[in-house]
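The values are calculated or read from the model by the stated rules, or taken from the named source; none is laboratory data. For clarity, every value in this text was computed on a predicted model and none was experimentally measured. Here the Cβ positions follow ideal geometry from the backbone for every residue, glycine too, while neighbour counts run over all protein chains shown.
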Amino acid sequence: MSEHLPRRLWWVLIGLTLVWGFNWTAMKVAISEVAPFTFRTLCLAAGSGVLFAVLKASGQPLSIPRSQWRRVALIALFSITCWNLLVVFGLRLIPSGRAAILAYTMPAWAIPLSVWFLNERMTARKLLGLGLGMAGMALLLVQEFSSLAGVPLGALLVLGAACTWAIGTLLQKKYPVQAPVAALTAWMMLVGGVPIYLGALLFEDFSALGEVSLWPALAVTYNVLLSFAWAHWAWIKLATSVSVTTFSLAMLMTPVVGVFSGMLFLGERPGWLDFAALMLVLACLATVVIPARK
């Protein structure tokens, strides 16, 4: 398993970073008018539908071997069901940029667990990358410490999401699913969304969708087409191509984009801590993108 990100996957990482980074602002806009279970139902059901349609039209295989379904369901429970519910309910309580920071503490959970469960080798380079990335996250978090202290439930929900994402990523490595990446992505989104679909049916009113205004509607569309249909494919592609440590550190640029997108669309001004954090995260990214010398 590669210990650095191959050049052929750089475009995947760049696209995923931008799409998921800007999505924190898009989600905040969407859930201002769309109920959380309904929002995630639209994202997962429609996103998987788009993927299935593209696969069908291009003649790509859709089936998953019967022996692999338990693995698909287990991974989807943590990576799709738990992640999406915890994030959307936590995001209602705290700012979008800070939610992104908390969600991307995922490497702090995934990297030690990967050494323990997967016997991945912990090197000085990995420790350096983890230290730089977490230092960047800490700088950004300092600015919101007082506000997070006022709404601990929101912070705890998003931290829980980070933990479930880490567990889901580890499970993909421990129990790899023998299926094409695109088909696996579509089925995981569909299967992982089942408890969310039931929640929407039981607790929310779909008729309220008729009153959603333009910008929340566009934010939902962004989620369906980019954040789910394409980005989940990109996420699984990266997660199954490199080690857990490399993948985790490579994703740390995403919350920086999330913070700056919140500033751009919400009129906030970046301070010196934001730029210092950006430099630290870029240095962290270099530890997994630039190959080590032989």
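Things to note:
Every residue, every condition in (1) farther than 18 Å from A162 by Cα; (2) of a type outside the set (V, I, T), yes or no:
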position: L5; (1), (2): yes, yes
position: N23; (1), (2): no, yes
position: A30; (1), (2): yes, yes
position: T38; (1), (2): yes, no
position: A46; (1), (2): yes, yes
position: L51; (1), (2): yes, yes
position: I80; (1), (2): no, no
position: W83; (1), (2): no, yes
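- When residues of region 1-47 are limited to those that are touching an Asp or Glu at 6+ places or on another chain (Cβ under 6 Å) and part of a helix (DSSP H, G or I), the one nearest to L118 (Cα to Cα): F37
Yes/no per residue for (1) within 18 Å of A229 (Cβ to Cβ); (2) hydrophobic (A, V, I, L, M, F, W, C):
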site	(1), (2)
W20	yes, yes
N23	yes, no
M27	yes, yes
T41	yes, no
L44	yes, yes
S58	yes, no
P65	no, no
I80	yes, yes
A99	no, yes
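- Test: T246 is at pLDDT below 80 and part of a helix (DSSP H, G or I): yes
- Residue ID - nearest to T17 (Cα to Cα), chosen from residues in region 103-127 that are under 16 Å from the mean Cα position of the chain (by Cα) and not in a helix (DSSP H, G or I): Y104
- Filter pass, M27 being in contact (Cβ under 8 Å) with a residue 60 or more places away in the chain, surrounded by 20 or more Cβ atoms within 10 Å (Cβ to Cβ) and closer than 19 Å to I196 by Cβ: yes
- Near pairs, Cβ below 6 angstrom, 6+ apart or cross-chain, from region 39-51 (in contact (Cβ under 8 Å) with a residue 24 or more places away in the chain) to any residue that is polar (S, T, N, Q): R40/N84; C43/N223
- Inspection of region 175-188 identifies no residue that is in a helix (DSSP H, G or I), closer than 30 Å to S67 by Cα and touching a Cys at 6+ places or on another chain (Cβ under 9 Å).
- Evaluation of R70 against (1) touching a helix residue (DSSP H, G or I) at 6+ places or on another chain (Cβ under 6 Å); (2) farther than 22 Å from L218 by Cα; (3) in a helix (DSSP H, G or I) (one fails), failing number: (1)
Here's the yes/no breakdown for (1) surrounded by 15 or more Cβ atoms within 10 Å (Cβ to Cβ); (2) among the β-branched types (V, I, T); (3) modelled with pLDDT of 90 or more; (4) within 19 Å of the chain's Cα centre (by Cα):
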| position | (1), (2), (3), (4) |
| --- | --- |
| S2 | no, no, no, no |
| L5 | yes, no, no, yes |
| W20 | yes, no, yes, yes |
| L42 | yes, no, yes, yes |
| G47 | yes, no, yes, yes |
| L77 | yes, no, yes, yes |
| L85 | yes, no, yes, yes |
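Conditions (1) among the charged types (D, E, K, R); (2) under 14 Å from the mean Cα position of the chain (by Cα), marked per residue:
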position	(1), (2)
K174	yes, no
I196	no, no
L201	no, no
E204	yes, no
F228	no, yes
T246	no, no
A250	no, yes
F260	no, no
L264	no, no
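- Test result for L93, modelled with pLDDT under 95, surrounded by fewer than 22 Cβ atoms within 10 Å (Cβ to Cβ) and either hydroxyl-bearing (S, T, Y) or in a loop (DSSP other than H, G, I, E, B) (or both): yes
- Consider region 212-269 and keep the residues that are more than 17 Å from L282 (Cα to Cα) and aromatic (F, W, Y). The one that is surrounded by the most Cβ atoms within 10 Å (Cβ to Cβ) is F228.
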